[in-house]
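K.L.:
Pasting a structure here, questions to come.
Nothing in this text is a laboratory measurement; each read-out follows from the coordinates by a stated rule. What you see is a predicted model, and the numbers here were worked out from it, not measured in a lab. For neighbour counting, all protein chains shown are included, and Cβ atoms are generated from backbone atoms with ideal geometry for every residue, glycine included.
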């Protein structure tokens, strides 16, 4: 069964949030009120509400890197990952972990990049050449 996830989290400014998720990331805006806005986050429902975001720390050990926890992420086909990566680089995104290839030549080989939304919420975007490798065992 294929499912769509729903995640709700806090942001500090809805207009800045709309510019980031809508204009920069290319996510389609859905319903909204004066205190929240929904986005189609690469096929999933992301609800962003005014409030104080989660505390974040770089405690997730993945390979040689400590990555921000908690974080939101999505997995894209590699060609789509490259399109988004190029758009973010052109927009001079400040990356927490710059675009790179992780686990090269191993099961689960993936491209990845980490960055923060304007409220400081960490986002990881992964790219896979073969989506069957998402759950590959090391």
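K.L.:
Using a Gaussian network model on the chain with a 10 Å cutoff between Cα atoms, which of 112, 17, 35 fluctuates the most?
P.N.:
35
K.L.:
Any idea what the relative contact order of segment 58-135 is, in percent, if you count C-alpha pairs under 8 Å spaced at least 6 apart? Working shown, then result.
P.N.:
Working: 124 pairs, mean separation 26.0, N = 78.
Normalised by residue count, the contact order of segment 58-135 is 33 percent.
K.L.:
Rg and Dmax of segment 39-96, Cα atoms, in Å?
P.N.:
Cα only, segment 39-96: 13.8, 35 Å (Rg, Dmax).
K.L.:
If you don't mind, another one. Go through 44-56, 1-13 and give me the packing order, highest mean Cβ count within 10 Å leading. Walk me through the intermediate numbers first.
P.N.:
Working: 44-56: 15.7, 1-13: 11.3.
In decreasing order of mean packing, 44-56, 1-13 become 44-56, 1-13.
K.L.:
May I pose another question? If you line up the long axis of helix 78-90 against the longest principal axis of the chain, both from Cα atoms, how many degrees apart are they, to the nearest 10?
P.N.:
On a 0 to 90 degree scale, this one is about 60.
K.L.:
Let me ask something additional. With r as the distance between the Cβ atoms of residue 34 and residue 71 and R0 = 25 Å, compute the FRET efficiency 1/(1 + (r/R0)^6) and round to 0.05. Before the final figure, lay out each step's value.
P.N.:
Details: r = 27 Å, r/R0 = 1.10.
Approximately 0.35, to the nearest 0.05.
K.L.:
Right, here's the next one. Volume per residue, Å³, of the convex hull around the alpha-carbon atoms of segment 58-135?
P.N.:
89 Å³
K.L.:
Find the centroid of the Cα atoms in segment 83-138 and in segment 1-66, then give the distance between the two in whole Å.
P.N.:
16 Å
K.L.:
Given a 10 angstrom Cα cut-off, can you work out which residue in 63, 127, 30 is the most mobile in a GNM of the chain?
P.N.:
In the Gaussian network model the winner is 63.
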